[in-house]
1. In region 1-145, if the dipole is taken from +1 on Lys/Arg beta carbons and -1 on Asp/Glu beta carbons about the Cα centre, which of Gly99, Gly111, Gly16 is farthest to the positive end?
2. Considering only protein heavy atoms and a 1.4 Å probe, what is the carbon-and-sulfur percentage of the accessible area of region 155-238?
3. Treating only the Cβ of Lys, Arg, Asp and Glu as charged (+1, +1, -1, -1), what charge dipole size does the chain show about its Cα centre? Round to the nearest 20 debye.
4. What are the GluC sites (Glu not before Pro) within region 230-280 that DSSP puts in a loop, where the Cβ has at most 14 other Cβ atoms within 10 Å?
5. Treat each spin label as a single point 7 Å out from the Cα along the C-beta direction, and report the Asn83 to Asp180 distance in nm.
6. Keeping all protein chains in place, calculate the accessible area per residue for region 23-73 (probe 1.4 angstrom), answer in Å².
7. In a Gaussian network model over the chain where Cα atoms closer than 10 Å are linked, find which of Lys102, Lys221, Lys36 has the largest mean-square fluctuation.
8. What FRET efficiency do you get for Ser70 and Arg224 if R0 is 35 Å and r is their Cβ-Cβ distance, rounded to the nearest 0.05?
Amino acid sequence: MAQRVRKAVLPVAGLGTRFLPATKIIPKEMIPVVDKPVVQYAIEEARAAGIEEFIFVSAEGKESIAAHFSGHAVLEKSLESKNKAAELKLVRDASLPPGAFKVVIQHNPLGLGHAVWCAKELVGREPFAVILPDDMVLSKTSCMKQLIDAHAEVGGHVVAVENVAREHTSRYGILNVASDDGRLAKALGLVEKPQPDKAPSTLAIIGRYVLDPSVFDELDKHTRGAGNEIQLTDALNNTMPRVAFHGLRFEGIRYDCGTRVGFVEANVAFALANPELAPRLRPLLERLMGR
Ligand code: G1P
């Protein structure tokens with residue numbers, strides 16, 4: 001029986017340069033998709049999967065992320081005195097219980113593997129989740145819950161995967177597939193951002209992972225990989241075959257909020273998934289498309 005997954009690591013130290021000037025002061029993760037900061041979707045998805053403890057791997061100047069998940073006494077008092085119950089609920093729902101999150105500062109941006117390594121002491125020796133908030137998933141069941149359920153079946157490392165166009169393999173960690181039942185793909189190995197002609201498959205990792213803590217033993221070595229960065233993909237690769245590795249084709253649609261077009265697409269998709277907004281938005285979109 002796999003150990004319960006209680007903790008999630010959220011790497012949020014990036015400078016968000018692709019979204020300048022919006023990200024000059026506001027962290028990229030705090031920019032809203034429809035009506036909620038991107039990072040709040042990640043936290044809600046993890047909480048829906050039973051995760052109770054959150055570790056933000058952050059950077060100087062991004063304190064508003066932690067502030068967003070803390071209580072806000074002045075605002076809450078004011079809303080209470082005005083009987084604004086719905087608004088008060090929105091504020092309270094965005095807060096995590098006291099002690100439920102911690103922040104570690106990644107002083108040097110040395111890559112995703114390094115960001116995860118920064119959370120090592122706070123995670124300890126138990127399986128844990130990693131969520132990259134830039135990848136947003138619209139699904140019936142929380143994508144992280146789907147991963148945790150699969151992890152309970154097969155243990156080891158389980159990551160969310162999807163098929164990508166071959167010309168896009170150089171944007172992702174790609175699986176070298178050993179066997180595949182159409183839902184779970186067992187991997188022999190992984191390659192970070194291979195060129196299309198070198199990619200062992202087109203099955204790509206998206207930003208959701210449930211990891212065995214043995215990955216920290218590899219990350220401890222601080223080995224540089226693609227782009228001269230410490231790659232999580234390489235560390236995971238080096239734990240195989242000692243640790244099983246599966247990719248889960250999750251139910252849902254992933255939106256890549258790391259690009260401007262993906263971000264706009266996510267806004268439209270999440271608004272269309274909102275029953276309050278969709279009926280008003282649909283005719284507007286049709287009108288725009290007709291122009
Ligand atoms: C990271 C990982 C990559 C993964 C991707 C998913 O890359 O290194 O393996 O496929 O996230 O979004 P990044 O997008 O940070 O360059």
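The values are calculated or read from the model by the stated rules, or taken from the named source; none is laboratory data. This is a predicted model, so every value here is computed, not measured. We place every Cβ from the backbone using ideal geometry, glycine too, and count neighbours over all the protein chains shown. We work out accessible area using only protein heavy atoms, side chains counted, and drop any ligands, DNA or RNA first. Shrake-Rupley method; radii C 1.70, N 1.55, O 1.52, S 1.80 Å.
1. Gly99
2. Looking at region 155-238 in its full context, I get 43 percent from C and S.
3. The dipole magnitude comes to about 580 debye.
4. Glu251, Glu276
5. So the label points at Asn83 and Asp180 sit 6.0 nm apart.
6. In whole numbers, region 23-73 has 42 Å² accessible per residue.
7. Highest fluctuation of the listed residues: Lys221.
8. After rounding, the FRET efficiency stands at 0.45.
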